[in-house]
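J.: Handing you a structure now.
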Amino acid sequence: MKNYNTKGKDIIMAYLKDHADGNFSANDIFQYLEEHNSKMNISTVYRNLDKFVDQGMLMKLKNPDDDFCRYQYKHPDGNCDDHIHMQCRNCGRVFHLECGFMEELSKHLFAHHGFTIESAGSMIKGLCGECNTDVSFEAAHLHEAEHSQEASHLHEAKHPQETVHPHEIEKKSFSIITEELQDIQLDPLQEPIIKRCIHTSADFDYVENLCFSDHAVEKLHAAIKNGACIVTDTQMAKAGINSTELAKYGGEVFCFMRDSDVAAAAKKRGCTRAVVSMEKAATLGKPLIFAIGNAPTALLCLYDLIQKGKLNPEGIIGVPVGFVNVVEAKEQIMRADIPYIVARGRKGGSNVAAAICNALLYQLRDMENH
């Protein structure tokens, strides 16, 4: 097992590396640290993020919509000084424009306009190809499609590099996963969920650590078909869930973590926003499925609300990632008398929470199409 340095700055960098396809504000990072019992204050978070930017480890992105800066991990093998970047205003992803015409473009701008491109800090705003085609569909795959090629690298020796069109990436990824699993027998209803978790994380440990309560899949399917809504503990998970598919059954996706009343109440009470968010969700008066991928305190709060009779959820997807209270919170949920899908141990994440929700939705879609 790896030895982990738990200094705040190392936790920040580890989190951004693990979510290299996303970009986050200092408040997002502060929230993550808060949920994992770090004592780092927001000013120190800003200072460490800007140090990482100065060291060339992160990109600093200005969001014109809310005037906040966001930060994204910069891969050490990539040279961001020689190409322009593009950011999708819908899904937030940043793309590296490493096309052959960059040198020609730079020469043209300098020769005809006297303009020199500073590529490292460049950012063209617009809609990516997937979001142009179907905004909701792309949001549902925000944290899945970007990882699919990583899964293919597991079989690189057997699968030489080849050109794969975007719409074929997922199909190819699932084919490789099936081949890797070989003769492992999975429950037919659980299999698509487990495979989608592997697809989005390139981690085959989910075969062993993804746990299901009795008839969990059937019960969650029934809840969705009856109009259940999904509550998440991060905006990332909310963005990753296919809200279009969920809306077909009358449900919608909620995340209250950024609500001003939640932040104010958490500060006043000296508790986490995850706790207040779960309490707020309990007052919605709707059938609810909770998809928790970040905050163990959210799971602990849900368990407490259930035991006090203040909440009776249709089910809980418990996959927070981390080291502090994560294992204990998951085990506690597995002792509650409610349907659950839980990633036992330390692994999980917002992308995994979204992947499980999508797997359930796509199962229902496929059942109806057949």
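The values are calculated or read from the model by the stated rules, or taken from the named source; none is laboratory data. Quick caveat, the model's predicted, so the values are computed rather than measured. Note that we place each Cβ from the backbone using ideal geometry, even for glycine, and neighbour counts take in every protein chain shown.
J.: State whether the residues of region 337-356 include one that is surrounded by fewer than 19 Cβ atoms within 10 Å (Cβ to Cβ), more than 20 Å from the chain's Cα centre (by Cα), modelled with pLDDT under 95 and not in a helix (DSSP H, G or I).
T.: yes
J.: Shifting gears a bit: When region 210-241 is examined, which residues are found to be within 15 Å of ILE338 (Cβ to Cβ) and of a type in the set (S, T, N, Q)?
T.: Result: SER213, single match.
J.: Which residues, counting only those in region 282-319, are surrounded by 19 or more Cβ atoms within 10 Å (Cβ to Cβ), touching a Phe, Trp or Tyr at 6+ places or on another chain (Cβ under 8 Å) and part of a loop (DSSP other than H, G, I, E, B)?
T.: Matches in region 282-319: ASN294, PRO313.
J.: Here is a follow-up. Report, ordered by the first and then the second residue, all pairs with beta carbons closer than 7 Å, sequence separation of six or more or different chains, a first member in region 334-353 that is assigned by TED's automatic domain parsing to the domain that holds PRO296, and a second member that is hydroxyl-bearing (Ser, Thr, Tyr) and at pLDDT 95 or above.
T.: MET334/TYR340; ALA336/TYR303; PRO339/SER213; TYR340/SER213; ALA343/TYR206; ALA353/THR232
J.: In this structure, does ALA202 turn out to be under 21 Å from LEU299 (Cα atoms) and in the same structural domain as THR283 (by TED's automatic domain parsing)?
T.: Considered against the rule, which asks whether it is under 21 Å from LEU299 (Cα atoms) and in the same structural domain as THR283 (by TED's automatic domain parsing), ALA202 comes out as no.
J.: Return the only residue of LEU302, LEU311, LEU361 being under 17 Å from ILE224 (Cβ atoms) and not aromatic (Phe, Trp, Tyr).
T.: LEU361
J.: Determine which member of the set MET278, MET236 is surrounded by 14 or more Cβ atoms within 10 Å (Cβ to Cβ), among the hydrophobic types (A, V, I, L, M, F, W, C), at pLDDT 95 or above and not assigned by TED's automatic domain parsing to the domain that holds GLN31.
T.: After ruling out the rest, the residue left standing is MET278.
J.: From the list LYS171, LYS219, LYS195, exactly one residue is assigned to a helix (DSSP H, G or I) and at pLDDT below 90. Which is it?
T.: LYS171
J.: Give region 229-272 a look and list any residue that's within 18 Å of GLY349 (Cβ to Cβ) and not in a loop (DSSP other than H, G, I, E, B), or say none.
T.: Residues satisfying the conditions are ILE230, VAL231, THR232, GLN235, MET236, ALA237, LYS238, ALA239, GLY240, VAL253.
J.: Could you look through region 320-331, keep only residues that are surrounded by fewer than 20 Cβ atoms within 10 Å (Cβ to Cβ) and not hydrophobic (A, V, I, L, M, F, W, C), and pick out the one that is nearest to ASP18 (Cα to Cα)?
T.: ASN325
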